[in-house]
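Below you'll find the structure I mean.
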Amino acid sequence: MSSTAASIVLDSVSKRYGSRTILHDLSFSVGRGEIVGFLGPNGAGKTTTMRMLAGFTAATTGRVMVAGHDMATDNVEAARHIGYLPERPPLYDPLDVTAYLRFVARIKGVRRTAMAAELERVVSACHLEAVVRHEIYKLSKGYRQRLGLAQALLGAPDVLLLDEPTAGLDPGQILETREVIRAFGRDHAVLLSTHILAEVTLICQRVAIIDHGRLLAIDSPAGLQRAVAQTNRVALRVAAPAEGLRDALLSVKGVSAVDVQPAAGAPALLDVDCQVDAGDGVEAEIARAVAARWDLHRLERQQPTLENIFLRYVATPVDPDAR
Amino acid sequence: MSGVLAVYQKELSTYFRSPIAYYVVAVFLLGTGYFFLYNIVLAGETTMAGTFQNMGVLLVTLAPLVSMRLFSAEYTAGTAELLLTLPLSPWQIVLAKYLGALTILLLVCLGTLVDLVPLYFFGTPETTTILAGYVGFVLLGMACLAIGELFSIVTENQIVAALITAAVLLGFWFVGHLESFQRSDGLRGLVVYLSFARHFTDFIQGLVRTEAVVFYLVVAGIALALSAGYLHWRR
């Protein structure tokens, strides 16, 4: 994604609080019509990044551009183009749903003549019809979350920043919310922070993985799977002596590591986990090498799931000297 | 401007949907009513001077309750993250909230007008002196609320904000008493100049002095500028 066409650009962004560095030299961009998933464990720097993009906090170094505006100097103008749902929905409990949405819409510059239609649009999109007259403190967690999303959608912003938008929703509401985000992302830029990895696979064109304030990878879910497939795994269940089996497997071209364990509940069998190089046919070679001498009960090539990819990236220790 | 108006209206809505505004207005009006009866009926005063003096002390102690929630409540509710990321400059946010708090003060002022009914009914008070007293009261309130807003911005805890504001306001109120302890003319002049009570006394006596008006406005202006500056800095 070229940075000139991108709605969100982070260019070598760092954030420090005193001596503590939260973000290290973060760079990526999100284009119009693109939904990017933002993954990382707790404390990775996702919320800080979201807050920086929303203008709640400023970068210590580097440049943050949103909808063509530099957030260091032009954050008020940029805010007109941003819809932001923080991790905790920012709701004024004493207000009722309509008063709250009208309050946000007015500040976002929705014209008085267009107000009713705009409120109806977001209320309908987020399925809030049943509670429009309710005071916010009376709403359930699911409704609160959806009201937070509704305020972010007001004014049809160019950029939507969503920090865990489906947290607290029931399965039906999650599906509806994903559909709202997917529809919105067709012609807007969406950055979506979530812990639900399946959500990323389902609605995001690209995934950014962050840990300890560093961007570890950014690619499409399929691209990440391909990258991780460089170190794919083959699982076997075999009736064989452990040492002989290990030597036989390591002699197969493409097998880089072998882990042999007694099979649970079947003492005569061994469970083997082979780390193999990318490329087709290595499992067939393994099958031939094993079946020629022993009794092969099961062989399975494990495709990397997004969970495994995520865990593999975030489990890699970060060089402390590099911080 | 539409944004300022929206925040201002939201402030008023949230004030009057919480018990704080009702509590402050009720305590203030009850207190003022009590002092008015005491000064006029029991002590036999024929002016509002004594009552205004008591209103000043009441204001200094109750203003922190009005201002404490201005920003602290936004921090604790998580709504600061919305307010500070909407297309509003720090000045607009600070000003809109300030105007909301000031409206509560003006409502309190209106409420105390009831006390004037018997005064005019049974006597002939000097209207200009009373007007000067109200001008002083509003100016004092403007300074108190601006200082309260500043301390509400710098802390997430409403009680802490109220306590710090009350301490600072009482300091400004009583600082004039240190005059006799100062040997230097400069320090004597400074503590008198900084005294909220001394300037307020001028108004009570019917004097609308430019120096006193400017003093309260400058104090309010500095506190508001620091508040806006802090919002900008905390990013």
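Just so you know, all these numbers are worked out from the coordinates, no wet-lab data involved. The model shown is predicted, which means the values in this text are computed figures rather than measured ones. Every residue, glycine as well, gets a Cβ built from its backbone with ideal geometry; the counts of neighbours run over all protein chains shown.
Relative to the longest principal axis of chain A, what angle (0 to 90°, nearest 10) does the C-alpha long axis of helix A:171-185 take?
70
Evaluate the distance, in nm, between pseudo-label points positioned 7 Å from the Cα of A:Arg182 and of B:Leu116 along their respective Cα→Cβ axes.
Modelled inter-label distance: 6.7 nm.
Still on this structure, I have one more. State the volume of the convex hull built on the alpha-carbon positions of the range B:90-161, expressed per residue in Å³ and rounded to an integer.
96
Can you tell me which lysines have their Cα less than 29 Å from the Cα of B:Lys10? Leave out same-chain residues fewer than eight positions away.
The reachable lysines, counting only those whose Cα sits under 29 Å from B:Lys10, are A:Lys108, A:Lys138, A:Lys141, B:Lys97.
I'd like the per residue volume of the convex hull spanned by the Cα atoms of the protein assembly as shown, given in cubic angstrom.
Convex hull volume per residue, Cα atoms: 221 Å³.
Same structure again: Other chains' Cβ within 10 Å of B:89-96 residues: what's the mean?
Mean shielding by partner chains, rounded to a whole number: 1.
Can you spot the lysines whose alpha carbon is less than 18 Å from A:Lys15's alpha carbon? Ignore those fewer than 8 places along the same chain.
In chain and number order, the partners are A:Lys46.
How many partner chain Cβ atoms sit within 10 Å of a residue's Cβ in peptide A:188-198, on average, as a whole number?
That average works out to 0.
Can you work out the FRET efficiency for the pair A:Glu300 and B:Gln9, with r the C-beta to C-beta distance and R0 = 51 Å, to the nearest 0.05?
Taking R0 as 51 Å, the efficiency between A:Glu300 and B:Gln9 is 0.20.
Would you mind getting me the FRET efficiency between B:Tyr34 and B:Arg209? Use the beta-carbon distance for r and R0 = 41 Å, nearest 0.05.
Efficiency for this residue pair is about 0.90.
In nanometres, what is the gap between the two model label sites at A:Thr98 and B:Tyr193, each 7 Å from Cα along Cα-to-Cβ?
So the label points at A:Thr98 and B:Tyr193 sit 5.5 nm apart.
Dipole of the range B:104-235 (Lys/Arg Cβ +1, Asp/Glu Cβ -1, origin at the Cα centre): which of B:Ala212, B:Val168, B:Cys109 lies farthest to the positive side?
The residue sitting most towards the positive pole is B:Val168.
Give the calculated FRET efficiency between B:Thr46 and B:Thr76 to the nearest 0.05, with a Förster radius of 51 Å applied to their Cβ-Cβ distance.
Efficiency for this residue pair is about 0.60.
Treating only the Cβ atoms of Lys and Arg (+1) and Asp and Glu (-1) as charged, compute the dipole magnitude of chain A about its Cα centre; round to the nearest 20 debye.
About 840 debye.
Which whole-number percentage describes the relative contact order of chain B, with Cα contacts under 8 Å and a sequence gap of 6 or more?
RCO, chain B: 27 percent.
Using only Cα atoms, tell me the angle between helix A:112-125 and the longest principal axis of chain A; keep it within 0 to 90° and round to the nearest 10.
30
Using a simple charge model, +1 on the beta-carbon of Lys and Arg, -1 on the beta-carbon of Asp and Glu, nothing else, what dipole does the protein assembly as shown show about its Cα centre, in debye to the nearest 20?
400
What is the helix-to-structure angle for B:49-67, meaning the angle in degrees between its Cα long axis and the longest Cα principal axis of chain B, kept from 0 to 90 and rounded to the nearest 10?
Its long axis makes an angle of about 10 degrees.
Find which of A:Pro165, A:Ala248, A:Ala263 sits farthest along the positive direction of the dipole of the range A:156-288, computed with +1 on the beta-carbon of Lys and Arg, -1 on that of Asp and Glu, about the Cα centre.
Most positive-ward Cα: A:Ala248.
What is the gain in length, in nm to one decimal, between A:Ser251 and A:Ser12 on full extension, counting 0.36 nm per residue of separation less the C-alpha to C-alpha distance?
Contour length minus the Cα-Cα distance gives 81.5 nm.
If each residue of separation counts as 0.36 nm, what is the full-extension length gain between B:Asn157 and B:Trp91 once their alpha-carbon separation is subtracted?
Here the segment from B:Asn157 to B:Trp91 would lengthen by 21.5 nm.
Within a 10 angstrom radius of each residue's Cβ in B:14-22, how many Cβ atoms of other chains show up on average? Whole number is fine.
2
Taking the Cα centre of the range A:1-130 as origin, sum charge times position over the Cβ atoms of Lys and Arg (+1) and Asp and Glu (-1), and report the length of that vector in debye to the nearest 20.
My answer is approximately 200 debye.
Same structure, new question: Mean residue ellipticity at 222 nm from the helices of chain A, using -39,500 (n - 2.57) per DSSP H segment of n ≥ 4 over the full residue count, to the nearest 500 deg cm²/dmol?
One gets -10000 deg cm²/dmol as the mean residue ellipticity at 222 nm.
Which whole-number percentage describes the relative contact order of the range A:51-169, with Cα contacts under 8 Å and a sequence gap of 6 or more?
Dividing the mean separation by the residue count of the range A:51-169 yields 34 percent.
Another question, then. So for the pair A:Thr113, A:Gln275, with labels modelled 7 Å out along Cα→Cβ, what separation do we get in nm?
Computed distance between label sites A:Thr113 and A:Gln275 equals 6.6 nm.
Moving on. Going by average Cβ neighbours within 10 Å, how do the peptides B:158-166, A:166-174, A:57-65, B:180-188 rank, with the highest at the top?
Ranking the peptides B:158-166, A:166-174, A:57-65, B:180-188 by packing returns B:158-166, A:57-65, A:166-174, B:180-188.
Here's another thing I want to ask about it. With the convex hull built on the Cα atoms of the range A:107-200, state its orientation-averaged projected area in nm².
For the range A:107-200, the mean projected area of the Cα convex hull comes to 6.4 nm².
Let me ask something additional. Work out how much length A:Arg63 to A:Ile196 would gain on full extension: take 0.36 nm times their residue separation and subtract the Cα-Cα distance, in nm to one decimal.
45.0 nm is the gain from fully extending A:Arg63 to A:Ile196.
Work out the charge dipole of the range A:1-75 with +1 on the Cβ of Lys and Arg and -1 on the Cβ of Asp and Glu about the Cα centre, then indicate which of A:Gly31, A:Val66, A:Met50 is farthest towards its positive end.
A:Met50
Let me check I've understood the local charge: for A:Phe56, count other residues with C-beta under 9 angstrom from its C-beta, Lys and Arg +1, Asp and Glu -1. What total comes out?
The answer is +1.
Tell me the Kirkwood hydrodynamic radius of chain B in angstroms, computed as one over the mean inverse distance between distinct C-alpha pairs.
Kirkwood radius, chain B: 18.6 Å.
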